[in-house]
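Let me begin by presenting the structure, written as structure tokens, before commenting on it.
Here, each number is a calculation from the coordinates, and none is a lab measurement. Since we're looking at a predicted model, the values are computed, not measured. So basically every Cβ, Gly included, is an ideal-geometry build from the backbone, and we count neighbours across all protein chains shown.
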Amino acid sequence: MRTDPSTLPQRVLVVCTRRIGDVLLATPLIRSIHRAWPQADIDALVFSGTADILSGNPDLARVIAVPERSSWQGRLCELHRLWNTYDLAFSCIPSDRARIYGWAGGRRHFGMLAAGESASKRWLLSAATPFDNLDIHTVSMNLKLADLAGIARRSEVVPPAAGGGLPTAIYPPFAVLHPYPKFAYKMWTEEGWSALARALQERGLQVVLTASNQSNEVACCERIAMNSGALSQAGRLSLPQTADLLQRAALFIGTDTAVTHLAAASGTPTVALFGPSNPVKWGPWPQGWGGEQSPWARVGSGRQGNVYLLQGLGDCVPCRLEGCDRHVGSLSRCLQEVPARRVIDASLSMLTTHVAPNGSAS
């Protein structure tokens, strides 16, 4: 029986008003929608500071960027521009703001409800799936919205694209290190990064350091470069340019950051350093991983596909808290005490062993 094209959605909105990594991990849902309804124009609504992660995304017609903070008058203007514009909307975040955008924009609206949320919030949604922040990976959680819509899941995380070449100072083979996460509680030590950079250079790799243009991140990379001979590109590359760089890298090492998710999605051999964060929920999604279950266990290091997840040691890991002092500026002993030799060995193993998607060795 053939589907009447007039009944298929022509305009679809996907709302993901959170951080860069959250937006990147919504791209499998966007791809699922595009493959199910290729006739539809799909727009993504995100915060202004995260829009670059969708640059060049082939599944999107438009990216709508809104300020993370705005006046109530500004919010009303945003809702007015969205009002009843879309046949269908998906909100990937279980927040009031995301749900209100989806409710305003879509004639039908699918979203998530967290445990304990009042039943009154259900009226913003045509259909809802329970939000699980513990046992379901973020990619799989987003794809539950595809299930609500009755469309097939596509699990590819789609990196942005700048379409440029390598900066002239970079030459293959090279490794990319991303030492500075957004929050201190996800950090490893500068001494460890310097030792890792020296070890990789001894194996014939150029080592390139990446970071945002924030002054503390740039300064950290400059210190590591001075102590190791690595090349710092901190603050010089956009997210799309960083994605292009990662696709050409022989190896990537980083902490729990959006750039680590980018490296994994690009197929680059990736070592991810994890401490307090829950790998089941936030571990990098290996390129080609097609299972509904998370690639990662909650406790323990291991390798799946092109990703080696190296977890800090301790009975408390992962505590899922913000550092040992319980705030984003505090450090985490489980990461601070990881010896450089452990990271070096994991990194060298990813250089010498190719592992196929879903963990089978080849």
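A simple rule links phi to the HN-Hα coupling: the Karplus curve 6.51 cos²θ - 1.76 cosθ + 1.60 with θ = phi - 60°, which for the stretch 73-80 gives 5, x, 5, 4, 5, 4, 5, 5 Hz, with x for Gly and Pro. Annotation for R107 and R198: the two label points, set 7 Å from Cα along the Cα-Cβ direction, are 6.6 nm apart. Secondary structure note: in the chain, about 10% of the DSSP beta bridges are antiparallel.
Between the amide H of V66 and those of V46, F47, S48, distances stay under 5 Å, these residues lying 5 or more places away or on another chain, with hydrogens modeled in the peptide plane.
Sort L273, L113, L200 by Cβ crowding within 10 Å, fewest neighbours at the top. Intermediate values should be presented prior to the final figure.
Working: L273 29, L113 18, L200 25.
Starting with the residue having the fewest Cβ neighbours, the order is L113, L200, L273.
A simple charge model with +1 on the Cβ of Lys and Arg, -1 on the Cβ of Asp and Glu and nothing else charged puts the dipole of the stretch 174-359 at about 140 debye relative to its Cα centre. As an exercise, use a Förster radius of 30 Å and the Cβ-Cβ distance of L134 and Q336 to find the FRET efficiency, rounded to the nearest 0.05. With R0 = 30 Å, the Cβ-Cβ based efficiency is 0.75.
In the stretch 174-359, what percentage of the DSSP-assigned beta bridges are antiparallel, given to the nearest 5? Kindly include the intermediate steps, with their values, before the conclusion.
Details: 3 of 21 bridges.
DSSP beta bridges in the stretch 174-359 are roughly 15 percent antiparallel.
Among K121, K186, K281, the order by Cβ neighbours within 10 angstrom, fewest to most, reads K121, K281, K186. Taking the number of Cβ atoms within 10 Å of each Cβ as an exposure proxy, the fewest-first ranking of T7, T138 is T7, T138.
Size descriptor for the stretch 55-211, Kirkwood hydrodynamic radius: 19.6 Å (Cα pairs only, one decimal). Counting every C-alpha pair in the chain, the share spaced more than 38 angstrom apart comes to 18%.
Can you work out the PRE-style zone for V328? Point 7 Å along Cα to Cβ, and I want the residues of the stretch 243-271 with backbone N under 20 Å. In the stretch 243-271, the label zone of V328 (backbone N under 20 Å from the point 7 Å along Cα→Cβ) covers 255-262. Relative to the dominant Cα principal axis of the chain, helix 239-248 is inclined by about 60°. Helix content alone sets the calculated 222 nm mean residue ellipticity of the chain: runs of n ≥ 4 DSSP H residues at -39500 (n - 2.57) each, divided across all residues, give -9000 deg cm²/dmol. Applied to the stretch 221-228, the Karplus parametrisation 6.51 cos²θ - 1.76 cosθ + 1.60 on θ = phi - 60° returns per-residue 3J(HN,Hα) values of 5, 5, 5, 5, 4, 5, 8, 10 Hz, with x for Gly and Pro. Over the stretch 229-286, the pair-distance histogram of Cα-Cα distances with 5 Å bins from zero comes to 4, 19, 28, 25, 13, 8, 1, 0 percent, rounded to whole numbers.
Translational diffusion coefficient, Stokes-Einstein: compute it for the stretch 174-359 using the Kirkwood radius over C-alpha pairs as Rh, at 37 °C and 0.692 mPa s, and state it as an integer in µm² s⁻¹. Estimated via Stokes-Einstein, D reaches 203 µm²/s. Could you work out how far apart the two model spin labels at S349 and N227 are, taking each label as a point 7 Å from the Cα in the direction of the beta carbon, and quote it in nm? Placing both labels 7 Å along Cα→Cβ, they lie 2.5 nm apart.
Report the full-extension gain for the segment Q214 to A61: residue separation times 0.36 nm, less the Cα-Cα distance, to one decimal in nm.
Details: separation 153, 0.36 × 153 = 55.08 nm, distance 3.06 nm.
Going from the current span to full extension adds 52.0 nm.
Report the extension gain between S48 and D315 in nm, rounded to one decimal, defined as 0.36 nm multiplied by the number of residues separating them, less their alpha carbon distance.
That pair, S48 and D315, stretches by 92.2 nm at full extension.
Ranking S91, I20, Y101 by how far each Cα lies toward the positive end of the dipole of the stretch 5-149 (charges on Cβ) leaves Y101 at the top. Around the amide H of R108, modelled in the peptide plane, lie the amide H atoms of L88, A89, all under 5 Å away and 5 or more residues distant in sequence or on another chain.
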